[in-house]
Structures are given as C-alpha cells and as structure tokens.
1. Just to verify a number: FRET efficiency for Asn596 and Gln426, C-beta to C-beta distance, R0 = 51 Å, to 0.05?
2. Please list the helices of the chain that count as membrane-span-like by this rule: a mean Kyte-Doolittle hydropathy of at least -0.5 together with Cα atoms stretching 24 Å or more along the helix axis, each helix being a complete DSSP H run.
3. Rounded to the nearest 0.05, what FRET efficiency do Lys701 and Glu93 have when you use their Cβ-Cβ distance and R0 = 25 Å?
4. Do you know the relative contact order of region 30-326, to the nearest whole percent, from alpha carbon pairs under 8 angstrom that are 6+ apart?
5. Taking a label point 7 Å from the Cα of Glu60 along the Cα→Cβ vector, which residues of region 680-721 have an amide N closer than 17 Å to it?
6. For region 369-423 and region 510-578, what is the separation of their Cα centres, given in Å?
7. Highest mean first, what order results for 203-210, 273-280, 556-563 on Cβ atoms within 10 Å?
8. Return the aspartates and glutamates within reach of Lys107: Cα separation strictly under 13 angstrom, same-chain partners fewer than 8 residues apart disregarded; answer none if there are no such residues.
Amino acid sequence: MAANSVSHCFSLSIIMLFLYLQLIHCNVTYDRKAIAIDGQKRILFAGSIHYPRSTPEMWEGLIQKAKNGGLDVIDTYVFWNLHEPSPGNYNFEGRYDLVQFIKLVKKAGLYVHLRIGPYICGEWNFGGFPVWLKYVPGISFRTDNEPFKKAMAKFTQKIVQMMKDENLFESQGGPIILSQIENEYEPESKLYGPAGKAYVKWAAKMAVGLNTGVPWVMCKEYDAPDPVINTCNGFYCDYFSPNKPYKPTLWTEAWTGWFSDFGGPNYQRPVEDLAFAVARFIQKGGSFVNYYMYHGGTNFGRTAGGPFITTSYDYDAPIDEYGLIRQPKYDHLKELHKAVKLCEKALLNSDPNIVILGSYEKAHVFYSESGGCAAFLSNYNLRSNAKVTFNNMHYNLPRWSISILPDCQNVVFNTAKVGPKASRVQMVPTNVKIESWETFNEDVHSVDDESSMTVKGLLEQLNITRDTSDYLWYTTSVRISSSESFLRKGTPLTLSIQTAGHGIHVFINGQLSGSAFGTQQKRKFSFTKNINLHPGENKISILSIAVGLPNIGPHFETWNIGVQGSVVLHGLDEGKKDLTWQKWSYKVGLKGEADNLSSPNSIPSIVWTRGSLETLKHPLTWYKAFFNAPGGDNPLALDMSGMGKGQVWINGESIGRYWTISVNGNCTGCSYVGAFRQTKCHFGCGGPTQQWYHVPRSWLKPTRNSLVVFEEIGGDASKISIVKRLTTTDK
Ligand code: GAL
C-alpha cells in the first residue's frame, strides 16, 4: 500500500513536472487568424521603441507609458553597427544594452518583437550595417553572396544566442514572441532576380534553423518561405493578405507619422486617419498591429542615416521625442485598443460577415463561439457623413470612419471622434547661464601638412574616412602667372566642382568662398562660384561633408560620397583648367576631432582661446562653455537657432548633428495622397527643419556641464540657450 502510494506520488510529480515544463516551454505558434502564445490566440497591439534612440534612464518610463496606452508588445530593431563597431569587437553597454531593455519590457509584463534584420533601414546610418562590412573582400550586400551571408549569419546567431543565454524567448519563459529576419526585401528581390530569390530562401532557412521556438517574420517580402510569415508595412494595410492561407495577417509598421530630413518639412499624421487605418485592418481580419514609431526618439551622435535625416526622430508618435505623451494621439489609440479588445473573442473566432449598408457603408460582423456578436460599421466616403441602419438600429457614421460595436448594438468607439484633450507644447527659456566661452579655430592652412596623404586625382570619401568622421579635406594648389589677363581686367575666375554628395565648404587661400549641399532627393550636386586668385601659388581646400550614410536603396553600399567627377577652373588665358587629375592631398577629420575637443577630460587647454563671441562668427570654429543643470524634471533641449551647421556635445556625449537650414519643402497643410488616401500634413515652413536638440537629463551633472559645439559655417554661439519642454493638455 505504502509502496503503491509512493509510486502514485512519483507519477503525479512526473505529470506535474511535465505540465510545468509544458507551461514554461510553450512555443509561440500561429494559425490563419493569429499568433498563439501559450496556446492562446491574441489580438496584439505593439509599438516600436528603439533602445539607442533614448537613454537607459528613459526606458522604463517609455515602456510603462506604452503599457498604459494599451500596448501588449514592444518592437525594436537590433542595431548591428552599434554592437559590432569593428569585426569581432562587441558593445552592449549603456544605450546599447539590448538585454537590459528586453528585461525591462518583461518586467512591465509586455512582450517583445525582436527585429534582428540585421539590415534594418530605419533612417539609421548605413541601414544598421557596420561600415567595415563594405570592405570585406568580395562582399555584396543583401544578396546571394557568400561573404555577406557569412557575416549576416554570424551576427544573427550571436544575437539569438545572447537571447537564449538570458532565457528571453517566450519558448524559454521570456518575453520575445516574434523575430524578424531581413527588412522589406521585396523591392530588392525583384531587382536582383534569381540571386535575390536564393538569398531570401537562405535567410529564412538560416533564421528558422536557429530554433528559437518563436515565429520569424519577413516584412514586405511576398516570397517569405514557410514557416516565415510575410507581413505588411505602410500607412494602410487592409489590402494585404499573407502569402499562404494558413498564416495570420500581421502589420509590422503602421506609420504614426513620418521622419524628417534637414531642409524638408515636419510631418504629422492625424490620429483620426491612423485609427481608421487600424480599424480597417482589424475588420479585414488582421490580428497584430505595430505602431512605427510609438516613440521615435533621437538620432544621437552620427547615427542618423539618409543622407540628411534629422537628429530628431520624433515621428509625430504617440510618445514624443522627449518621452512626453502626445495628445490626442495617445488617448485616442488607447480607446481604440480597448474597443478592439472588447471584440477579441468574436474577431478571433470567425471571419467577418460583410453586410452592405450603402454605397460607401458596410458592416463587418463577427460571432464568438458562445454566440456573442461584434460589429465594425464603416463609412469610406471621404466627404460625407452617413446615416445607416444596422440590425434595425440607426447609426450616424462620420465621413472616413469606423464605429466599433462590441455587442453589435452599442457604439463604444468611432475612429473620427477624437476626445477634447490636445497637447500644447512649449519650449520655455530657463534661467541657465552658459558661461566662460572659449573658442578654437580650425586652421585651414595646415590641412595639407605632412600628416596628409597626397595622390593624383579625386578619391571617394567613405573609402578614406571609413566613417570615422563626417569630414574629409581635399586640397590642391594652382599657380597663377602674373601675366594672366583676368588680373589686369579685374574679371573673376569661376570654379566648378562636381560631387557625389553630401555637402562642401570651399576655401580659397584659407577664406571661405562658398558652400553647397545636396538634398535627400538629390544627393549629388555641383558647386559653381566666382573666386579670387592672386598671382603665384593659390590653395584650394574643399571640406567635404557626409550627412549620414544611406540606409535604403538597391546596393546602397556602392553609393559614393565626396568630390567626385571633376574640379575645373574657368576664365584663365588658356580657357578652362581641369584640376581633376592633379595632385590632391587628403586629410580625414578635423584638428579638433583629432585633439578630442568634444571630451571634457582630454581638452588640451592650450588650444582654447577666451574671446568675445560677438566678433567670432567664423566658419570652422569650436566653442566651449559651461553651465549648471536647471532644476526640475522637465525634458531639456538646446535651442540652436543662432547657429549654422555642425555637431554638439554635452559632457562628451554627442547630442547629434545640428543644422538650422530652413524648410524648403511645401507646407500645403494636410493632403490626401495616393491610392490608399493616407493623410500627411506638412508643417514648419519658414523656419528651420530642426531648431531644438534633445539633451537627456541623465547626461547632466548638477554643476559645470561642458558644452562643446563645432560650427562649420559661422554662427552666434552666445544665442545658444537651454530650454525646457512643457506640454500642457487642454481639455
Ligand atoms: C520602412 C522601413 C523602416 C523605416 C520606415 C520609414 O520602409 O522598414 O525601417 O525606414 O520605412 O520610417
């Protein structure tokens, strides 16, 4: 009897252990309706928050706000170029601490969608690829190329192993329920033909072979091989169906706004339009929506891609760049999530029964197993409101909207009816004094000293700098005979320079003669300007500037930067003089960069000069000053409107590139664009694209914070001020 009860007990514990293991080792699965976590199908709302675009001190607050906004999942890319700055040397510290970020998401009780890529686009420098990758012999990015595949597999395995070691996949009891391999490969796949197709198959097989126990997705890749799920990205995704009837309909990027580029306008997407798009997707049978971005944040340092992407990556997201809630966007989406969740059982149980209510009006009706009923009533007319009858009841449907009825009777939410709360943002002056200004001028005369390299002809910039700096000096000289007739006549010479982008400042005998820049749409540009040369030796020094490496486009790794093409002088007695193939000397970066002037510790005191700032509007000037942190806990920014273009650091941390170039895009207000009628609103015309630059509170000490600015064109540093960001919510 005793032996019997022992063996009974033993088998009971085996069963318990088995059940327990089942519970913690439940893989994430999917069927045609949804992703199932621990066997439970779910409608999931997700939001992109990229860990390096804020600070570790901000993460917990951002995640909590996302949770309070009704999100279930946090989505992030993995940023290869931050993590592996040189081959085999890894960095996962501070803002790059991916594991810590994921653990905080878990702590908040949310899930993670880990978009490993490792190509990530994302308006991020080089689309996330480390620049050294371009120089691996024989490499060709994102295609059926052995060196590329080897490097991609190695990094992907490294990340997956890190996650496994920390038990972060849901199959191990962790929060990661989905992973992404590649990113929007469809356009390349079409262009690259059989090699593209072979690469997609290889990428899927490589990822699936890592046995994470959670599904992989490929966004915007119709040929995603099984079991990888192809997903949609866009302003609207209700036209989208997965490539197999047994895969769920997932929307990995529902664009909440848009990014901006220097010189372009800022964008807003009205929340009515976003909520309408999401409701359209859900009524079509979609079961996962990720807001890209839910918090956009900041492209600190030189992480912005493009070229020309701004330092701010605010994106008009529900949580703004500074971590503050943006109303009415945040609350309206929160209400939408609540309404959809009330319909979850019916939505997951059945396909919609579609009832035509009028020429633009429809009802999508869903039934749950227990006989419950949920309905989405839609009006696709852009211009007119509608009155409809559904189940013998009358409903008013505002134009371009969907009403949600979790019981098929009562409207709990309409996408066009936005609550009265609206955030009013103010950038308010603080009483902070920025003091003890010192300056240092780059010496243009010494840029072709013995440390520079001299060759015949024009070299490609990235090949020389390897992106260790935005800057490369191209210097040559021209001998002018005193018999030249332009000297006598007083007529000017003209210098014309062809470039591959992104910008240049031209110095003649040490004096700034002019500048020219490309744009995001047209990065190649030419410079043509009258210049003054004197008899004898004249020095032409061109400071060529990269403004973020490209992050999108077929084989963007082959795109050139710098003075490329030709440099020609017109107006001499011989006619035009081609300088292209003469001797040029090259110097990477600035003297101030080599001397590490941005760092508070390693500033050699000898180089700095105390001076009156009013008289110092020189190009290529470094400025340094100190300030005490303002009290309170409002987010802070630097107002850079008195400056031109450059970079700025606080206590050695790079705030990013600044540029006060005015918006030259159109600001025609809000317009409906394209076949799916997305609404984009442009604003900011008349002023700079970006005036304020986020200063994370955690980068400040109470007193004596160092502020270092490098100004390219010439500005008034005394006008730089620290402002605080206040949002008040009007009801
Ligand atoms: C998508 C891409 C994202 C981001 C977005 C625009 O096509 O997948 O990484 O670049 O566009 O913000």
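Every number in this text was worked out from the coordinates using simple rules, so none of it is lab data. Given the structure is predicted, the values throughout are model-derived calculations rather than measurements. Note that we place each Cβ from the backbone using ideal geometry, even for glycine, and neighbour counts take in every protein chain shown.
1. Efficiency at R0 = 51 Å is approximately 0.90.
2. Length and hydropathy pass: 2-24, 186-208.
3. 0.80
4. Details: 602 pairs, mean separation 61.3, N = 297.
Taking the mean separation of contacting Cα pairs over the length of region 30-326, I get 21 percent.
5. Taking a point 7 Å out along Cα→Cβ of Glu60, the residues of region 680-721 whose backbone N falls under 17 Å are 697-699.
6. If we compute the Cα centre of each part, the gap is 58 Å.
7. On the way: 203-210: 17.8, 273-280: 24.8, 556-563: 20.0.
Going from most to least packed, we get 273-280, 556-563, 203-210.
8. Glu60, Asp72
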